[in-house]
Amino acid sequence: MKTQYYVASTLDGFIATETDSLDWLFPLGSLEESSYPTFIAEVGALAMGSSTYEWILRNADSVAAETGSPWPYTQPTWIFTNRVLPVIQGADIRFCKGSVADVFSEMRVAAKEKNIWVVGGGDLAGQFYDAGLLDELIVQVGSAILGKGKPLLPRRILSPVLRLTSVQQMGTGMVELRYEIVKELGPTRQDNT
């Protein structure tokens, strides 16, 4: 069982625009041409920030056209938020607030022997990293540059904590990088910017 941050990023390290748009991503490829089908088959529970959840709510028609449902996941999902948000009917969603460590054991039980996917955003993945709960970073880097936006992982993490384990080209517009987070070395960072 691993806790994985699986995400797409621009060349300059942004996962979305400042207004949470993902329009830069869609022209670069399809889910079927990526590692996503294999990845999601090994996921037993999800952790998601409120901005990511709200993006799914705002784009329910597009999500349904792409995946066949306005909520594309069958796994239990923890939404980390301090606000009251609408529930998507038929989805196994659990709203929570506070520390990721407070609900992590519950997520592990729900995932059974499968992995936990930190869907996003970057700050939520950073909270898992800060708590020593993140095992792997899988980032699909796309051939787009935003100049500004929502950062991939708003933390300073210095080598040798991230150990590159694989590189895979995905068409002409993306590459997938997989990094193991080496925990026996402990977090090596200067600040949490």
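Which residue is farthest from VAL119 (Cα to Cα), if the candidates are limited to region 75-94 and must be surrounded by fewer than 13 Cβ atoms within 10 Å (Cβ to Cβ) and β-branched (Val, Ile, Thr)?
First, the residues of region 75-94 that are surrounded by fewer than 13 Cβ atoms within 10 Å (Cβ to Cβ): 82-84, 86-87, 89-90.
From what's left, β-branched (Val, Ile, Thr): 84, 87.
Numbers: VAL84: 20, VAL87: 18 Å.
So the residue we want is VAL84.
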*Taking helices (runs of 4 or more DSSP H) that do not extend beyond region 1-91, which have at least 1 residues that are aromatic (Phe, Trp, Tyr)?*
36-41, 50-58
*asked:* Considering only residues that are surrounded by 19 or more Cβ atoms within 10 Å (Cβ to Cβ) and closer than 30 Å to VAL182 by Cβ, which ones fall in region 1-27?
replied: THR3, GLN4, TYR5, TYR6, VAL7, ALA8, SER9, THR10, PHE14, ILE15, ALA16
*Could you grab me the full set of residues in region 37-58 that are farther than 19 Å from GLY122 by Cβ, surrounded by 13 or more Cβ atoms within 10 Å (Cβ to Cβ) and at pLDDT below 95?*
LEU57
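Residue-by-condition table, conditions (1) on the phi > 0 side of the Ramachandran plot; (2) in contact with a helix residue (DSSP H, G or I) (Cβ under 6 Å, 6 or more places away or on another chain); (3) in contact (Cβ under 8 Å) with a residue 60 or more places away in the chain:
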residue	(1), (2), (3)
SER21	no, no, no
PRO27	no, no, yes
LEU31	no, no, no
GLY44	no, yes, yes
SER62	no, no, no
THR67	no, no, no
TRP71	no, no, no
THR77	no, no, no
THR81	no, yes, no
*Considering each of GLU106, GLU180, GLU113 in turn, give the residue that is of a type outside the set (A, V, I, L, M, F, W, C), in contact with a Gly (Cβ under 8 Å, 6 or more places away or on another chain), closer than 29 Å to PRO76 by Cα and surrounded by fewer than 16 Cβ atoms within 10 Å (Cβ to Cβ).*
GLU113
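The values are calculated or read from the model by the stated rules, or taken from the named source; none is laboratory data. If you're wondering where the values come from, they're calculated on a predicted model, not measured in any experiment. Here the Cβ is made from the backbone with ideal geometry for all residues, glycine too, and neighbour counts use every protein chain on show.
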